[in-house]
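The values are calculated or read from the model by the stated rules, or taken from the named source; none is laboratory data. None of the values given here were measured: they were computed from a predicted structure. Backbone-built Cβ (ideal geometry, glycine too); neighbour counts: all protein chains shown.
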Amino acid sequence: MKRISSFIMSALIIFSLALSTGFCSFASETEKVGDLNADGKITVVDAKLVLKHVAGTQELDSSQLRMSDVNSDGRTTVADAKVILRVVAGIQKMPSLVVGSQGFDDDGYVEI
C-alpha cells in the first residue's frame, strides 16, 4: 500500500511539472486508447484520471474504462497510468493492443 501511495504521489508530481511546462503531446484524429478525457490527445491529464480512479476518488464511465486499459490486461491499474506517462514523455510508444474481443482495430482505435 505504501508503495502504491508513493507511486501515485510521484506520478502526481510529474503531472504537475508536465502541466507547468506545457509538456503534452500525441494528438490523434479520433478517440484513441489512453485518451480518457476525449480531447484528441494523450496527455498527463489522462494519466491523472487513471490514478484518481485507482485511488478511488474518481469514477470512470464505461468508455473511459475501455480507454484506460492501455496494457490490455483487462484492468485499470497504476501500470496503465505509468504507460500513459511514458508515452507522453516519449519514452515508449503505446503498446500494441489485442484486436477482437477488446473492441480495438489494428491501429489501436476503438471500434464503434
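Odds and ends about this structure:
- Sole exception among (1) aliphatic (A, V, I, L, M); (2) at pLDDT below 65; (3) part of a loop (DSSP other than H, G, I, E, B) for L17, by number: (3)
- Residues of region 75-93 that are touching a Lys or Arg at 6+ places or on another chain (Cβ under 8 Å) and of a type outside the set (A, V, I, L, M): Q92 alone.
- So K32, is it modelled with pLDDT of 85 or more, surrounded by 14 or more Cβ atoms within 10 Å (Cβ to Cβ) and of a type in the set (K, R): no
- Evaluation of D61 against (1) at pLDDT 90 or above; (2) over 23 Å from R3 (Cβ atoms); (3) within 11 Å of the chain's Cα centre (by Cα); (4) not β-branched (V, I, T) (one fails), failing number: (3)
- The set of residues in region 57-80 that are outside any loop (DSSP other than H, G, I, E, B) and under 16 Å from K32 (Cβ atoms) comprises S63, Q64, L65, R66, M67, S68, D80.
- The listed residues are I42, I4, and the only one of them that is surrounded by fewer than 17 Cβ atoms within 10 Å (Cβ to Cβ) and at pLDDT below 95 turns out to be I4.
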